1. State the number of residues belonging to segment 44-55 that are surrounded by 15 or more Cβ atoms within 10 Å (Cβ to Cβ) and without any contact (Cβ under 8 Å) to a residue 60 or more places away in the chain.
2. I'm trying to understand the selection: among the residues of segment 58-76, which are loosely packed, with under 15 Cβ neighbours inside 10 Å and at pLDDT below 90?
3. Tell me which of these Glu124 doesn't satisfy, since it passes every other one: (1) closer than 13 Å to Thr29 by Cβ; (2) touching a helix residue (DSSP H, G or I) at 6+ places or on another chain (Cβ under 8 Å); (3) assigned to a strand (DSSP E or B).
4. Condition first: of a type in the set (Lys, Arg) and surrounded by fewer than 19 Cβ atoms within 10 Å (Cβ to Cβ). Can you find one or more residues in segment 95-117 that meet it?
5. Mind telling me which of the residues Asp119, Asp95, Asp58, Asp106 ends up being in contact (Cβ under 8 Å) with a residue 40 or more places away in the chain and in a helix (DSSP H, G or I)?
6. Which of the residues spanning segment 65-76 are closer than 15 Å to Asp26 by Cα and either in a strand (DSSP E or B) or of a type in the set (Lys, Arg) (or both)?
7. Name the single residue that is modelled with the lowest pLDDT among those in segment 77-91 being assigned to a loop (DSSP other than H, G, I, E, B), out of contact with any helix residue (DSSP H, G or I) (no Cβ under 6 Å at 6 or more places or on another chain) and not small (Gly, Ala, Ser).
8. Consider only pairs whose beta carbons are under 6 Å apart and that are at least six residues apart or on different chains; among these, list those whose first residue lies in segment 16-43 and is over 19 Å from Thr88 (Cα atoms) and whose second residue is modelled with pLDDT of 85 or more and outside any loop (DSSP other than H, G, I, E, B).
Amino acid sequence: MAHYNFIFLATLLLALITNFMSSSADTATFYTPPYNPAACGFEVKGVMIAAGSQEIFDDGRACGHLFKVKCLAGTNNGVPHPCRGSGTVVVKLVDLCPSGCQGTIDLSQEAFAKIADPDAGKIEVSIERL
C-alpha cells in the first residue's frame, strides 16, 4: 500500500511541476501618442487606455471594457524592481495590439508609468477584466 501512495504522490508532484513550468505570466508593454485612431472605432478620450492582444481583444468584444492591471515583476535584469506606487492601474481597452506586439496588454505610456518604471519596457502583470 505504501508503494502505491508513493507512486500517487510522485505523479501528483510531477503534474504540479509540469503545470507550473508551462504556465506563462501575462505581460505589459507600452505605446506612445498619438492614440487615435483606434481599432475599437471610437475617439479615444483620456490616457488611461490600452490595446489588447488578440486574446484580450476578443474580436472587438472587449472594446470599451475596463481592465485592472497590476505590476508583479520585471522581465529582465535591466530594471529588476520596476513596480512603483500601488502598482495597479485601471485602463479602458480602446485598441488592438498590432502584429508583433510583445505583451498581453499594451498600455498607454501614461498608464504604464503609473505602475512601473518605463525604462523596464516590459513587465509581468496580472490582468482582471472589471
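The values are calculated or read from the model by the stated rules, or taken from the named source; none is laboratory data. The model shown is predicted, which means the values in this text are computed figures rather than measured ones. Cβ atoms come from the backbone with ideal geometry, glycine included; neighbour counts cover every protein chain shown.
1. Of the residues in segment 44-55, 4 are surrounded by 15 or more Cβ atoms within 10 Å (Cβ to Cβ) and without any contact (Cβ under 8 Å) to a residue 60 or more places away in the chain.
2. Asn76
3. Failing condition for Glu124: (2).
4. Step one: list which residues in segment 95-117 are of a type in the set (Lys, Arg), which gives 114.
Narrowing further to those that are surrounded by fewer than 19 Cβ atoms within 10 Å (Cβ to Cβ): none.
Within segment 95-117, not a single residue is of a type in the set (Lys, Arg) and surrounded by fewer than 19 Cβ atoms within 10 Å (Cβ to Cβ).
5. Numbers: Asp95 fails: in a helix (DSSP H, G or I); Asp58 fails: in contact (Cβ under 8 Å) with a residue 40 or more places away in the chain; Asp106 fails: in a helix (DSSP H, G or I).
Only one candidate qualifies: Asp119.
6. Phe67, Lys68, Val69, Lys70, Cys71, Leu72, Ala73, Gly74
7. Of the residues in segment 77-91, the ones assigned to a loop (DSSP other than H, G, I, E, B) are 77-82, 84-87.
Going one step further and asking which of them are out of contact with any helix residue (DSSP H, G or I) (no Cβ under 6 Å at 6 or more places or on another chain), we end up with 77-78, 80-81, 84-86.
Narrowing the set further to residues that are not small (Gly, Ala, Ser) leaves 77, 80-81, 84.
Working: Asn77: 71, Pro80: 83, His81: 91, Arg84: 93.
Among them, the one singled out is Asn77.
8. Thr32/Gln109; Ala38/Val94; Ala38/Asp95; Ala39/Asp95; Ala39/Leu96; Cys40/Val94
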